[in-house]
Amino acid sequence: MQTSTHGLTLGEREVRKVFVADHQLQAEREWACLTLLAEHAPGLAPRPLRREDGGTPVIVMERIPGDPLAPRPLTPVQTQALGAALRRLYDVPVQAVTDAGIGPRRYGAAEHPRVLVEWLADDHDLRECRDPGLVADALDAARAFVADPPVPEPRLTALGIADLNPANVLWDGRDVRLVDFEDGGLSDPAYELADHVEHLGSRLPGVYDARALADAVGIDAEDRERMGAYRPLFAAFWLAMLLPGNGGWRRNPPGTTEAQAEHFMALVGHH
């Protein structure tokens, strides 16, 4: 099974993850996160077994039970289990994260707006869209938003997984375990949860309910507000991914870009 960043070979007891050649940093990050979790939250993620550094980085990890979440809304029991898993993740002591040499997650709250300014500045031929006017309006709004985003100062208080695509959440009927920490690192739980509920792979099939997941993780009213403030940032990211010529445009059915444009506009109060 090959994705853009790695290939996986599943054995009976082990999983071998082969990264593409220039993804040494991702491999380092994943190894550090898995090693830390094996000590501070055993059973939450695969135990790292060994590394094979040849032409491409390889991590061999324990195979853990469970199947990836299906693209449909979670049951209340699944939401509770996912909330409990994320709470275990966020409760790993920050000092332990920094002592392990793990820095901020990829596309963290501090750098993400600057990255999006660049991505949204590219020219795209919107004539390929079903509704070029709607997409153009959303693009203008997104550019204005990321140029001076009204988002809170991040609080780097937790280890975050970064990518909570439902395929990275394993459910065995009772417990949730997490895989794929190659983009993980120090983060802000409010920022992480905004990322998770806005991920196109979870949002389109309605896998995570934003309020129910925040409840299950146990964040307070202030962090819920901060989570809401971060959501348009991720909605703008997915709008960029879905513009003609980009990967999301090719992988999703016609009309997805327009739906994302409407979703972003609703989040920032343009109706």
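FYI, it's all coordinate maths here, none of it is from the lab. Please read these numbers as outputs of a predicted model, since none were measured by experiment. Glycine also receives a Cβ, built like all others from the backbone with ideal geometry; neighbour counts cover every protein chain displayed.
Dipole size in debye (nearest 20) for the stretch 23-87 around its Cα centre, Lys and Arg Cβ +1, Asp and Glu Cβ -1?
200
Which Cα, out of I59, L239, P104, lies furthest along the positive dipole direction of the chain (beta carbon charges, K/R +1, D/E -1)?
Selected residue: I59.
At a threshold of 8 angstrom on Cα-Cα distance, excluding pairs fewer than six apart, so keeping six or more, what relative contact order does the stretch 6-62 reach in percent?
After rounding, I find 38 percent.
Rounded, prolate or oblate: which one fits the stretch 30-172, using the alpha carbon gyration tensor with axes a ≥ b ≥ c (rounded when a/c is under 1.5, else prolate when a/b beats b/c, else oblate)?
prolate
For the chain, rounded, prolate or oblate, judged on the Cα gyration tensor with a ≥ b ≥ c (square roots of eigenvalues), a/c < 1.5 rounded, else prolate if a/b > b/c?
prolate
Angle, helix 112-121 long axis vs. longest principal axis of the chain, Cα atoms, 0 to 90°, nearest 10?
Between the helix axis and the principal axis of the chain, the angle is about 40 degrees.
Which shape class applies to the stretch 199-271: rounded if a/c is under 1.5, otherwise prolate when a/b exceeds b/c and oblate if not, where a ≥ b ≥ c are the square roots of the Cα gyration tensor eigenvalues?
Because a/c hits 1.5 or more and a/b exceeds b/c, the stretch 199-271 counts as prolate.
Can you list the GluC sites (Glu not before Pro) in the stretch 93-131 that are in a DSSP coil and have 13 or fewer other beta carbons within 10 angstrom?
E111
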